[in-house]
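Undergrad: Before I ask anything, let me first share the structure, which is written out below as structure tokens.
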Amino acid sequence: MREAQNYKEELSRIYRTLMSSKRIESVDNSLLGGEAGALLFCILFEETSYNTGTLSDGLQERIHQTIAHLFLSTNHTFCHNSGIKWLFTFLNKKGYLEKGDYRWLTKASDQTSLLFLEELINKQNFDFIYGSTGIVYYFVYKEKQQHSYYRIYKKYLQSLLNQIQKEGGIFEYSFTESKPILGCINLGMPHGLLSVLVVCMSLYKKQILKRDAKLIIDYIVQKLIFCNTNNNLFFPKRIDKTSVIEESNQKTLAWCYGDLIIASTLLDYAKQFKDPLVEQYAHIILQNSTQNIKSQRNNVNSIWFCHGTAGIAHLYNCLWNKTANISFKDARDFWVLETVRLLKKEKIFNSIESKPCPISILEGLSGVGLMLNSYHTNNFEWSQSLLIDA
């Protein structure tokens, strides 16, 4: 198909757009919502396309500008400083940022992040993007030697266990009221149980406070399996302590919540802990998600990664890479082509002068570009910024 060949052309157009400051919207410097996410895509694109071992002068200048921003922001959540420092850690691991420079960049900021994290834990804010879970994840991703962070990890895990034991669950945080919404359990990745599950699995994998981490992991997995309503393979968005609050009557395919991301995460759990029953359960849901795929197109109203075609395509690509199940490959190809089709249909590039392009990973071109680059290269390492295969 002609559209199948066009994804390389779209990759190049995304790169040119993101490298042209006149053609993009004014945004913050964050990883998931702004400039740092655009840098992540451009770095991986140059690495694949140019293969010179160094980054272009223009891209290096943009990185230096983002570094300068780090010292101006007082917000240390993953949507701000911790996300930017995740990118610096990624660059350090890949050899683009020297160890001495990396330590200089992060050392002082990390001390402030730890204080910021402690405040969020005290408030019982366990959100990934805007709360404690995202900062904990940055520190877990940061280093192999984790002993210096044990005290804050212990406090994070103990606060989660206390909320489970005393209140009956891990509750969604209300940013308007600055407190947990008692009784409301969000099942999603950015604001709910899934991100806590992934971070606890990462702690367990690194042999950190395994007992506490496993207690939380077991609680979340049981909750997820319980809330699959009436065995109909549809996950709700939210539940309370004992029942469903927002029931779903259709498959939900997205990164932020729903059948695809929940079952994908449960599959990762089953592989890590060698649980054949959960593995079978996850495979049934994932296989079901690929059925009647063309009819599901009408339920997806966005091209972007968070809850649109790009995120769906990437999740199926990860599943195909892990399982070699041909159904996931077919689903991936369908959603990749749908993404390319929508790029043209929405005339995103043609409307640049009158309406600048959104650039973020979650709601913009960076996320689309990262998905297409993984489709092209089979490189998924960047996905850990979104807790995929973390």
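Undergrad: Quick one: is L315 open to solvent by 10 Å² or more (accessible area, probe 1.4 Å) and in contact (Cβ under 8 Å) with a residue 12 or more places away in the chain?
TA: no
Undergrad: Can I ask one more? Here's a check for you: in segment 163-209, which residue that is in a loop (DSSP other than H, G, I, E, B) and aromatic (F, W, Y) is least open to solvent (accessible area, probe 1.4 Å)?
TA: Among those residues, the one meeting the criterion is F171.
Undergrad: Quick check on I348: is it at pLDDT below 75 and in a loop (DSSP other than H, G, I, E, B)?
TA: Against the criterion (at pLDDT below 75 and in a loop (DSSP other than H, G, I, E, B)), I348 qualifies.
Undergrad: So how many residues does segment 368-382 have that are polar (S, T, N, Q) and either under 13 Å from C42 (Cβ atoms) or outside any helix (DSSP H, G or I) (or both)?
TA: 3
Undergrad: Suppose we keep only residues that are in a loop (DSSP other than H, G, I, E, B) and small (G, A, S) within segment 250-275. Which one would you say is modelled with the highest pLDDT?
TA: A254
Undergrad: For T309, work out the one condition from (1) of a type in the set (S, T, Y); (2) closer than 20 Å to D268 by Cβ; (3) surrounded by 24 or more Cβ atoms within 10 Å (Cβ to Cβ) it doesn't fulfil.
TA: Of (1) of a type in the set (S, T, Y); (2) closer than 20 Å to D268 by Cβ; (3) surrounded by 24 or more Cβ atoms within 10 Å (Cβ to Cβ), only one is false for T309: (2).
Undergrad: Another question, then. Within segment 106-139, how many residues are of a type in the set (A, V, I, L, M) and under 15 Å from the mean Cα position of the chain (by Cα)? If you could, list the steps in order and put the result at the bottom.
TA: Quick first cut of segment 106-139, residues of a type in the set (A, V, I, L, M) only: 108, 114-115, 117, 120-121, 129, 135-136.
This time we only want the ones that are under 15 Å from the mean Cα position of the chain (by Cα), so: 129, 135-136.
The total comes to 3.
Undergrad: Could you list, in sequence order, all residues of segment 254-312 that are among the charged types (D, E, K, R), over 21 Å from S383 (Cα atoms) and touching a helix residue (DSSP H, G or I) at 6+ places or on another chain (Cβ under 9 Å)?
TA: D275, E279, K294, R297
Undergrad: Name the pairs: first residue in segment 82-98 and free of Cβ contacts under 8 Å to residues at least 12 places away in the same chain, second residue of a type outside the set (D, E) and open to solvent by 20 Å² or more (accessible area, probe 1.4 Å), Cβ to Cβ under 8 Å, at least 6 apart or on different chains?
TA: N92/K99; E98/N92
Undergrad: Considering only residues that are touching a Leu at 6+ places or on another chain (Cβ under 8 Å) and assigned to a loop (DSSP other than H, G, I, E, B), which ones fall in segment 276-307?
TA: Those that are touching a Leu at 6+ places or on another chain (Cβ under 8 Å) and assigned to a loop (DSSP other than H, G, I, E, B): V300, I303, W304, F305, C306.
Undergrad: I've got another one for you. Could you tell me whether any residue of segment 30-50 is at negative phi and in contact with a strand residue (DSSP E or B) (Cβ under 8 Å, 6 or more places away or on another chain)? Break it down stepwise before answering.
TA: Of the residues in segment 30-50, the ones at negative phi are 30-50.
The next check asks that each one be in contact with a strand residue (DSSP E or B) (Cβ under 8 Å, 6 or more places away or on another chain); those that pass are 38.
The answer is yes, given that some residue of segment 30-50 is at negative phi and in contact with a strand residue (DSSP E or B) (Cβ under 8 Å, 6 or more places away or on another chain).
Undergrad: Of the residues E61, E46, which single one is farther than 23 Å from L115 by Cα, among the acidic types (D, E), without any contact (Cβ under 8 Å) to a residue 40 or more places away in the chain and open to solvent by 10 Å² or more (accessible area, probe 1.4 Å)?
TA: Only one candidate qualifies: E61.
Undergrad: Name the residue that is modelled with the lowest pLDDT, counting only residues in segment 213-249 that are surrounded by 15 or more Cβ atoms within 10 Å (Cβ to Cβ) and of a type in the set (G, A, S).
TA: Among residues in segment 213-249 that are surrounded by 15 or more Cβ atoms within 10 Å (Cβ to Cβ) and of a type in the set (G, A, S), the one modelled with the lowest pLDDT is S248.
Undergrad: Which ones in segment 32-43 are open to solvent by less than 10 Å² (accessible area, probe 1.4 Å), assigned to a helix (DSSP H, G or I) and of a type outside the set (G, A, S)?
TA: We begin by selecting, within segment 32-43, every residue open to solvent by less than 10 Å² (accessible area, probe 1.4 Å); these are 32, 34, 36-43.
With the extra rule that they be assigned to a helix (DSSP H, G or I), the set shrinks to 36-43.
Within segment 32-43, L39, L40, F41, C42, I43 qualify.
Undergrad: Continuing with the same structure: Just the residues that are assigned to a loop (DSSP other than H, G, I, E, B), modelled with pLDDT of 80 or more and surrounded by fewer than 21 Cβ atoms within 10 Å (Cβ to Cβ), please, taken from segment 16-31.
TA: Listed by number, the residues that qualify are M19, S20.
The values are calculated or read from the model by the stated rules, or taken from the named source; none is laboratory data. Everything numeric in this text was worked out from a predicted model, so none of it was measured. Please note: Cβ atoms are built from the backbone with ideal geometry, for glycine as well, and neighbour counts cover all protein chains shown. What goes into the accessible areas is simple: the full protein's heavy atoms, side chains included, and nothing from ligands, DNA or RNA. Shrake-Rupley method; radii C 1.70, N 1.55, O 1.52, S 1.80 Å.
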